[in-house]
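Have a look at the structure below before the remarks.
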Amino acid sequence: MLSIDKLDHHTLVGASSSLARILYENVKQGASIGFIEPFSLDDSKRYWLENVAKNIAGNKAILFVARYKENVIGCVQLIVQMPANQSHRVEIAKLLVHPNNQRQGVAYKLLQTAEEEARLLKKSLIVLDTKTGDNAQRLYLKTGFIEAGSIPNFALNPDNDRLAATTIMYKLLI
């Protein structure tokens with residue numbers, strides 16, 4: 001059975017090996033999530049322990065994980081710390097599902113949980129960006145996100161030396 005849990009700093013540390021594996025495998029598959037090869041499992045673990053753990057401890061972000069039979073198989077971050085003039089919004093970051101568990105509704109459930117949390121926090125807007133044309137973009141559209149526009153040559157493709165566009169998306173919660 002699939003369950004979604006909110007992790008604090010301590011439980012994130014306990015789940016860091018699983019989270020590192022999920023991130024590492026997605027980068028290996030060519031996911032455009034901010035990392036490019038060469039990228040090691042150690043690099044991945046450092047990201048969770050040095051970056052995300054600090055954001056969680058500092059109440060800058062919320063991390064949800066998806067578990068199946070006690071195994072962490074996916075995650076999503078909800079970035080909640082925004083500038084004063086943007087305190088009404090949150091941002092989705094690093095929606096990841098282990099490649100062995102993709103296309104089973106896990107990402108949808110994680111996204112749904114992040115949206116519910118945003119509503120509990122009385123936020124009225126969720127924003128995100130995603131590589132234009134990726135499977136993630138289709139998922140976001142299916143869940144009610146609206147394309148605001150695309151930016152060409154935004155980021156280096158993880159699997160080649162060409163630049164790829166990103167699409168900025170949003171969802172109003174009011």
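The values are calculated or read from the model by the stated rules, or taken from the named source; none is laboratory data. Because the structure is predicted, anything quoted here is derived from the model rather than measured. Counting neighbours? That spans all protein chains shown, and the Cβs are built from the backbone with ideal geometry, glycine included. Surface accessibility is based on the protein's heavy atoms, side chains included, excluding ligands, DNA and RNA. Shrake-Rupley method; radii C 1.70, N 1.55, O 1.52, S 1.80 Å.
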**Q.** Matching option when the condition is modelled with pLDDT of 95 or more, among the aliphatic types (A, V, I, L, M), farther than 16 Å from Arg21 by Cβ and touching an Asp or Glu at 6+ places or on another chain (Cβ under 8 Å), among Val80, Val65, Val127
**A.** Val127
Q. Say we look at region 106-129 and pick out the residues that are open to solvent by less than 50 Å² (accessible area, probe 1.4 Å) and free of Cβ contacts under 8 Å to residues at least 40 places away in the same chain; which of these is nearest to Tyr24 (Cα to Cα)?
A. Ala107
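Yes or no, residue by residue, for (1) in contact with a strand residue (DSSP E or B) (Cβ under 8 Å, 6 or more places away or on another chain); (2) of a type in the set (Gly, Ala, Ser); (3) modelled with pLDDT under 95:
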| site | (1), (2), (3) |
| --- | --- |
| Ile4 | yes, no, no |
| Ser16 | no, yes, no |
| Leu19 | yes, no, no |
| Leu23 | yes, no, no |
| Ser40 | no, yes, no |
| Glu50 | no, no, no |
| Leu95 | yes, no, no |
| Ala107 | yes, yes, no |
Q) Being open to solvent by less than 60 Å² (accessible area, probe 1.4 Å), touching a residue at least 24 places away in the same chain (Cβ under 8 Å) and among the charged types (D, E, K, R), is that true of even one residue in region 65-84? A) yes
**Q.** Close pairs from region 148-174: first more than 25 Å from Leu121 (Cβ to Cβ) and in contact (Cβ under 8 Å) with a residue 12 or more places away in the chain, partner aromatic (Phe, Trp, Tyr) and open to solvent by 50 Å² or more (accessible area, probe 1.4 Å), Cβ under 8 Å, at least 6 apart
**A.** Ala164/Phe154; Ala165/Phe154; Thr166/Phe154
Q: Please find, within region 25-46, the residue that is farthest from Leu12 (Cα to Cα) out of those that are surrounded by 20 or more Cβ atoms within 10 Å (Cβ to Cβ) and of a type outside the set (A, V, I, L, M, F, W, C).
A: Ser32
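For every residue, the table says whether it meets (1) under 24 Å from Val80 (Cβ atoms); (2) touching a residue at least 12 places away in the same chain (Cβ under 8 Å).
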{"residue": "Asp8", "(1), (2)": "yes, yes"}
{"residue": "Arg21", "(1), (2)": "no, yes"}
{"residue": "Lys28", "(1), (2)": "no, no"}
{"residue": "Ile33", "(1), (2)": "yes, yes"}
{"residue": "Ile36", "(1), (2)": "no, yes"}
{"residue": "Leu41", "(1), (2)": "no, yes"}
{"residue": "Ser44", "(1), (2)": "yes, yes"}
{"residue": "Ile56", "(1), (2)": "yes, yes"}
{"residue": "Lys60", "(1), (2)": "yes, yes"}
Q: Tell me which residues, restricted to region 9-24, are open to solvent by 70 Å² or more (accessible area, probe 1.4 Å) and within 16 Å of the chain's Cα centre (by Cα).
A: Arg21
Q.
Please determine whether any residue of region 98-105 is touching a helix residue (DSSP H, G or I) at 6+ places or on another chain (Cβ under 7 Å), under 29 Å from Gly14 (Cα atoms), in contact (Cβ under 8 Å) with a residue 60 or more places away in the chain and of a type outside the set (Ser, Thr, Tyr).
A. yes
